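The values are calculated or read from the model by the stated rules, or taken from the named source; none is laboratory data. From a predicted model like this one, the values you see are computed outputs, not experimental measurements. Reconstructed Cβ throughout: ideal geometry from the backbone, glycine too, with neighbour counts over all protein chains shown. Heads up: the accessible areas ignore ligands, DNA and RNA and are worked out on the full protein's heavy atoms, side chains in. Shrake-Rupley method; radii C 1.70, N 1.55, O 1.52, S 1.80 Å.
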Amino acid sequence: MPQEVEIILGTGLDVLPRIAKEIEEGKRERFDFVFIDADWDNQWNYFDWGVKLSNGKGSVLYVDNTVRELLENGSVGPNEKDPNIDSLVEKVGKDERVDATVIQTVGSKSYDGFLLAVVK
């Protein structure tokens, strides 16, 4: 019976280079869908790795809680924006490797949403 889920323990930025090496060695397939829900200080790094490890054109990256982060760091809404912070959305918007959009949701946690990117 094929294995459906593999759990890899470790911090993301330690594990991702190992996964990249396994892909290069032909031991692992590239990814068609990447779900990112991690610490915000490293979101761009995770996104960048997601694109690098993707299967290429048509692969999808989903970044959870994007709108909430935009509200908290002042990129949108009433809070003052920290001029030293480029939001993930700003960085992805400048990334020529993908087309992306942000979708806002409203629910029990108030306002939130996600970023959805498709590799070109």
Please specify each residue of the stretch 89-111 satisfying the condition of being acidic (Asp, Glu) and not in a loop (DSSP other than H, G, I, E, B).
Glu90, Asp99
In the stretch 38-66, residues that are in contact with a helix residue (DSSP H, G or I) (Cβ under 9 Å, 6 or more places away or on another chain) and open to solvent by 90 Å² or more (accessible area, probe 1.4 Å) total 1
Among the residues of the stretch 98-115, the number that are touching a residue at least 40 places away in the same chain (Cβ under 8 Å) and surrounded by 17 or more Cβ atoms within 10 Å (Cβ to Cβ) is 5
State all residues of the stretch 74-89 that are closer than 27 Å to Lys52 by Cα, open to solvent by less than 70 Å² (accessible area, probe 1.4 Å) and out of contact with any strand residue (DSSP E or B) (no Cβ under 7 Å at 6 or more places or on another chain); if no residue qualifies, say none.
Ser75, Ile85, Ser87
Any residue in the stretch 32-46 that is under 13 Å from Lys91 (Cα atoms) sitting within a Cβ distance under 6 Å of a residue that is open to solvent by less than 70 Å² (accessible area, probe 1.4 Å) and part of a strand (DSSP E or B)? List the pairs, counting only those 6 or more apart or interchain.
Tyr46/Ile36
